[in-house]
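Here's the structure we're looking at; comments come further down.
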Amino acid sequence: MNIGERIRDRRLQLGWSQERLAREACRVAGVGPEKLGRQEIYRYETGRRTPRDWLAPVAQALGLSVQALSGGQPDADSLSGIWHSRYTYESTKRGQVTRHHYVVVRQLGNRLHGESLPGSNDSPIFLDFTKDGPALTGTWTERTAAEGYYRGAVYHGALQLLVEMTGRSMDGLWIGFDKSFTVNSGPWSLTYETADTSRRALSRFNRPPAG
């Protein structure tokens, strides 16, 4: 497999268009979107041109190392994929509650964004992290279901996770305010399911996870 084929495979895995990849590579490179366009990504993917000066920005935009993109080796540092998220909190009326979601994580350089699949839970969650070695530090947001127990309330907080050595699990603690502005905290973990984020994979995991 050549560089162009790896660019295309990774782009499709992320569910991106060629235009989206060009835009993300420009953002990583710190230049305007006119510097790299969809046609140039097309040329890279079809082997009509080699990225050369754009190899590093394209690799970083795809969440890969230059070595992984040029050599075809799996990038062990990439956490992009679908993860099973679990967090636990203490409810004053219901006791200890554990919530489950399937979350799509996309990594660009040392930044990660996670968003739950809508069919996995009717209260979506959003995660944003900065990665420093095995440590992920960031924030979480949950928008509770309008017809659910919390009547559409939106909650925010901080979250820190440590990535296990194999890169297949992350564990840590969340902290945040409840509706009475009391500070609460509890465990949060994510377990790796697949690196595949194609439409077929997203459809397969767009359901409530098994407890």
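Where a number appears in this text, it was derived from the coordinates with a stated rule and is not lab data. Nothing here was measured: the structure is a model prediction, and the numbers come from that model. Cβ sites come from the backbone with ideal geometry, for glycine too, and all protein chains shown count toward neighbours.
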Arrange the peptides 191-201, 13-23 so that the one whose residues have, on average, the most other Cβ atoms within 10 Å appears first. 13-23, 191-201
Evaluate the range 22-71: find the radius of gyration of its Cα atoms, find its Kirkwood radius, and give the ratio Rg to Rh. 0.94
Would you kindly state how much longer the chain becomes between MET1 and ARG143 on full extension, computed as 0.36 nm times their sequence separation minus their alpha carbon distance, in nm to one decimal? 46.9 nm
For the Cα atoms of the chain, what angle does the longest principal axis make with the long axis of helix 3-14, in degrees from 0 to 90, nearest 10? 20
What are the residues whose amide H is under 5 Å from the amide H of ASP128, where those residues sit 5 or more places off or on another chain and H is modelled from the backbone? GLY114, THR139
Rounded to the nearest whole number, the per residue volume of the convex hull around the C-alpha atoms of the range 134-184 in Å³ is 82
Seen from all sides and averaged, what is the projected area of the convex hull of the Cα atoms in the range 34-127, in nm²? 8.8
Give, as a single signed number, the net charge of other residues whose beta carbon lies under 15 Å from the beta carbon of ARG23, with Lys and Arg counted +1 and Asp and Glu -1. +2
Compare ASN110, ASN184, ASN121 in a GNM of the chain, Cα atoms joined below 10 Å, and give the one with the largest fluctuation. ASN184
Relative contact order (%) - criterion: Cα under 8 Å, at least six apart; region: the range 60-211: 23
Starting from the Cα of LYS93, draw a straight line to each of the lysines and keep only those under 21 Å, dropping any in the same chain fewer than 8 residues away. LYS179
What are the ³J(HN,Hα) couplings of the range 130-135, residue after residue, when phi is run through the Karplus curve with 6.51, -1.76, 1.60 and θ = phi - 60°? Round to Hz, x for glycine and proline. 10, 9, 9, x, x, 9
Tally Lys/Arg at +1 and Asp/Glu at -1 over every other residue whose Cβ is under 13 Å from the Cβ of ILE125; what's the total? -1
Note: the range 145-211 at 25 °C, 0.890 mPa s; Kirkwood Rh on alpha carbon pairs; Stokes-Einstein D in µm²/s works out to 166
In order through the range 187-194: 3J(HN,Hα) via Karplus (6.51 cos²θ - 1.76 cosθ + 1.60), integer Hz, x for Gly, Pro: x, 9, 9, 10, 10, 5, 10, 6
What is the sum of charges around SER91, taking Lys and Arg as +1, Asp and Glu as -1, for the other residues whose C-beta is under 12 Å from the C-beta of SER91? +2
Alpha-carbon gyration tensor eigenvalues x 5, square-rooted, for the chain, Å: 36, 16, 16
Gap in Å between the Cα centre of the range 1-40 and the Cα centre of the range 103-134? 21
